[in-house]
């Protein structure tokens, strides 16, 4: 089974979705490492409760942080990085070390609302639908080739909290499906297009 | 019944959707005038076939073109302008003459892919869903307050033609619904948010 690392910064709700799917036998990859850039991230406890090795890699010095990620992932023979609410931008060095092998999940229908507070941006713009996107990470912010998207309606009385909750539910399934697509070799990337074979 | 004018530049397929809905008793507004910026627009014939007055307003000189639109719409006591594939950007003068009374339809899920060739932009980006958006026109290009959106999937083998056809089907219904929302006074605009009451 292919070995994956999950990078988090906080609660790690999407990380937890992956770990639960793994525990249920529904993930076709093995989460072997969870790295947080914050030692206080609550997700580290969750990962340990699932028996997954956890590490902290401070990104106050990004170069040192990324070197630590590289060292740890090599040590653990990790083939895929999953960014699950990881709040730091990666440098080309790390991205090139994992070409089309870093998956990010973003809470909007990209290319709408990249960057921080995507759900708030969507509410402020006044869109009728939003959702989430998984994509391979490239040098831009939330601009990489799209793997999957899921759509949710924006309701008239939505707050940032209610919309975020509705999207998050889709994020969990979308991320699990995307990792499984990758693990089963169903994804091929041509330019900025990701083809998903029936596999 | 509220009187509306439709501005076109070409085939006017969305115009035709409005005229057909009107003929079927399904439009709660009366199309009394169709203006094209191009004398050769095939939609002019379609409009005449529906018994609607047609006029040409050249926008080679935008100021003169807009003045002609203003004169004609005054003469016809028009309360709402609908841009149905109208390929010219309006100046603040015309927009301020019809505050929140100009509706545009755009073939993407705005704010993604504004401007020309929205369907091609969507295919080139590699999104999994696209759609259409109706919005009130403001000074920006496809940036005004959103009235309605409809979502369609993007299929792996889509061409610009197949995706455009799938979106266009949604455009027709979305535009008719939006004009009916306006005609029935169901729309209230606060900042960039359009609230649609059950009405």
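Tabulated data
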{"read-out": "Residues listed by number, the range B:53-75, amide nitrogen under 15 Å from residue B:96 label point at 7 Å toward C-beta", "value": "B:67"}
{"read-out": "Relative packing of B:131-143, A:100-112, A:71-83, which averages over residues the other C-beta atoms within 10 Å, highest first", "value": "A:100-112, B:131-143, A:71-83"}
{"read-out": "Mean-position separation - Cα centroids, the range B:181-199 and the range B:1-53, in angstrom", "value": "23"}
{"read-out": "Cβ-Cβ FRET estimate between residue A:180 and residue A:71, R0 fixed at 25 Å, reported to 0.05", "value": "0.35"}
{"read-out": "Percentage of interatomic Cα-Cα distances in the protein assembly as shown larger than 39 Å", "value": "30"}
{"read-out": "Approximate shape of the range B:1-116 as ellipsoid semi-axes (Cα gyration tensor, √5λ), whole Å, largest first", "value": "19, 17, 15"}
{"read-out": "Sequence-separation-based contact order of chain B, relative, with Cα cut under 8 Å and 6+ spacing, percent", "value": "19"}
{"read-out": "Point-to-point label distance, residue A:198-residue B:89, nm (Cα→Cβ direction, 7 Å offset)", "value": "4.7"}
{"read-out": "Paramagnetic reach from residue B:24 in the range B:101-139 [backbone N under 17 Å; point 7 Å along Cα→Cβ]", "value": "none"}
{"read-out": "Size-normalised alpha-carbon gyration radius of the range B:83-189, reference 2.2 N^0.38 Å", "value": "1.07"}
{"read-out": "Relative contact order (percent, whole number), the range B:1-117, Cα cutoff 8 Å, 6+ residue spacing", "value": "29"}
{"read-out": "Translational diffusion coefficient (Stokes-Einstein; Kirkwood radius from C-alpha pairs) of chain B at 37 °C, 0.692 mPa s, in µm²/s", "value": "194"}
{"read-out": "Cα→Cβ-extended label distance, 7 Å offset, between residue A:56 and residue B:49, nm", "value": "7.3"}
{"read-out": "Residue-averaged 222 nm ellipticity for chain A, from DSSP H runs of 4+ at -39500 (n - 2.57), nearest 500", "value": "-11000 deg cm²/dmol"}
{"read-out": "Diffusion coefficient, µm² s⁻¹, Stokes-Einstein with Kirkwood Rh over alpha-carbon pairs of the range A:52-106 at 4 °C and 1.567 mPa s", "value": "111"}
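Values in this text are rule-based calculations from the coordinates and carry no lab data. The structure displayed is predicted, hence computed values, not measured ones. A quick note on method: Cβ atoms are made from the backbone with ideal geometry, for glycine too, and the neighbour counts reach across all protein chains shown.
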